[in-house]
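Shown next, in structure tokens, is the structure this report addresses.
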Amino acid sequence: MGQTRREFVRVGIGAACAVGVGGLARAGELGGDAGSLARSGAESGLRAEPAAVLARKKGLVMDMLPSRLSYGERFKLAKDVGFEVVQAPTTRDMHEAEEIGKAAVGAGIRIDSVMNMDHWKYPLSSSDAAVVAKSMEGMRDSLRNAQVWGSDAVLLVPAVVNAATSYRDAWTRSQKQIRELLPMAAELKIVIAIEEVWNKFLLSPLEMAKYIGEFESPWIKAWFDVGNVVLYGYPQDWIRTLGKSIYKVHLKDFKRKEDGYAWVNLGDGDVDWAEVRKAFGEVGYTGSVIAELDGGDEAYLRDVSKRIDRLVLGVG
């Protein structure tokens, strides 16, 4: 359970085969200061509506950018090759978080979401109270990061089903903990976006829609990953079923082979991108589309950007 999210998916394949700069920038987008933003969330309560997501912003996860570069250089590279937004990982050191936020503003790129980093090692579905406490701490850190960076969503893998945790327990335990996070999410106006991954949980779009719907909260939405469902479903079906509950999107491609499976670049796998693009249009999806692929150099990143234009956005 100590794996990162991406490592977990790769293992699954084998088994199957500033309060400063960022916060103020976001407040400015919504027409107020950071203090009034928090107050408005508290006054309106859990039924307040999240801000409208920006239309089809093209992005990538931060670890696709070369780690040898400074934060400013990484964000400048992302901007130069055509990306508009970045998803950053949970950063517990608030001084570092502020540094990241300032670097993004300096490069003219938005950190639009946070990748929570504790839900694999410390799942909310655990029967161990200490493990759950660690997971909740990680989510609160992620929500604080989102406030600093001006992000509007935190990605959460809600539960992990395994030999020690039944499907029913994963469902009820995780929902209980997420409900405890709702007041903070509403106050900060940050969506908790639930993602489907190879965690033996939420195995169909109908289940995922039901799980999210039971919260009856505008602050719980779906984070849909196009590549994650290819092994046992069709992305376009998931998109049409989840519909308006989809708040953010990850882009990956997945290729079945005679000797197993592989994650591949966009357009090189089994995803029917024409149908995916059509389905997004049908449900009126206007949120960001964020590549979650292997990292690479400038030429590689520029190629990924162009693939998103062609396959997902229908331009270029």
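The values are calculated or read from the model by the stated rules, or taken from the named source; none is laboratory data. The shown structure was predicted, so the numbers you read here are calculated from the model rather than taken from an experiment. Glycine also receives a Cβ, built like all others from the backbone with ideal geometry; neighbour counts cover every protein chain displayed. To get the accessible areas, we keep the full protein, side chains included, count just its heavy atoms, and leave off ligands, DNA and RNA. Shrake-Rupley method; radii C 1.70, N 1.55, O 1.52, S 1.80 Å.
Tally up the carbon and sulfur contribution to the accessible surface of segment 58-123 as a whole percent, 1.4 Å probe, everything protein left in place.
Its accessible area is 50 percent carbon and sulfur atoms.
What does the net charge come to around Arg68 if you take all other residues with beta carbon closer than 12 Å to its beta carbon, with K and R at +1 and D and E at -1? Intermediate results must be reported in sequence, preceding the final value.
Working: positive: Arg74; negative: Glu73, Asp297.
Result for the neighbourhood of Arg68: -1.
Suppose all protein chains stay in the model; what accessible area per residue would a 1.4 Å probe give for segment 86-132, in Å²?
Per residue, segment 86-132 has an accessible area of 39 Å².
With a/c under 1.5 counting as rounded, go ahead and sort segment 49-136 into rounded, prolate or oblate using the C-alpha gyration tensor (a ≥ b ≥ c being the square roots of the eigenvalues; past the cut-off, prolate if a/b is larger than b/c, else oblate).
Prolate, because a/c is 1.5 or more and a/b exceeds b/c.
Measure up Lys102/Lys221; Lys57/Lys244; Lys76/Lys278; Lys121/Lys248 against 21 Å on the Cα-Cα distance and list the ones that go over.
Long pairs (Cα-Cα over 21 Å): Lys102/Lys221; Lys76/Lys278; Lys121/Lys248.
With every protein chain kept in place and ligands, DNA and RNA left out, what is the accessible area per residue of segment 161-299? Probe 1.4 Å, answer in Å². Write out the running numbers ahead of the final one.
On the way: 5460 Å² over 139 residues.
Ligands and nucleic acids excluded, the figure is 39 Å² per residue.
Taking the highest mean first, how do the peptides 219-231, 164-176 order by number of other beta carbon atoms within 10 angstrom per residue? Let's see the in-between values first.
On the way: 219-231: 23.5, 164-176: 16.3.
Those peptides, ordered most packed to least, come out 219-231, 164-176.
At 1.4 Å probe size, with no ligands or nucleic acids counted, give the accessible surface of Asp297 in Å², nearest ten.
Approximately 90 Å² of Asp297 is accessible to the 1.4 Å probe.
Take peptides 89-100, 186-197 and line them up by average Cβ neighbours within 10 Å, highest first, as a rough protection proxy. List each step's numbers first, then the result.
Numbers: 89-100: 17.2, 186-197: 24.2.
Those peptides, ordered most packed to least, come out 186-197, 89-100.
Using the beta-carbon distance between Ser204 and Lys278 and R0 = 25 Å, what value does 1/(1 + (r/R0)^6) give for FRET efficiency, to the nearest 0.05?
My answer for the efficiency is 0.75.
How big is the charge dipole of segment 73-155 about its Cα centre, in debye rounded to the nearest 20, if each Lys and Arg gets +1 on its Cβ and each Asp and Glu gets -1 on its Cβ? Don't skip to the end; give the middle numbers.
Working: 10 positive and 13 negative charges, 7 e Å.
Computed charge dipole of segment 73-155: roughly 40 debye.
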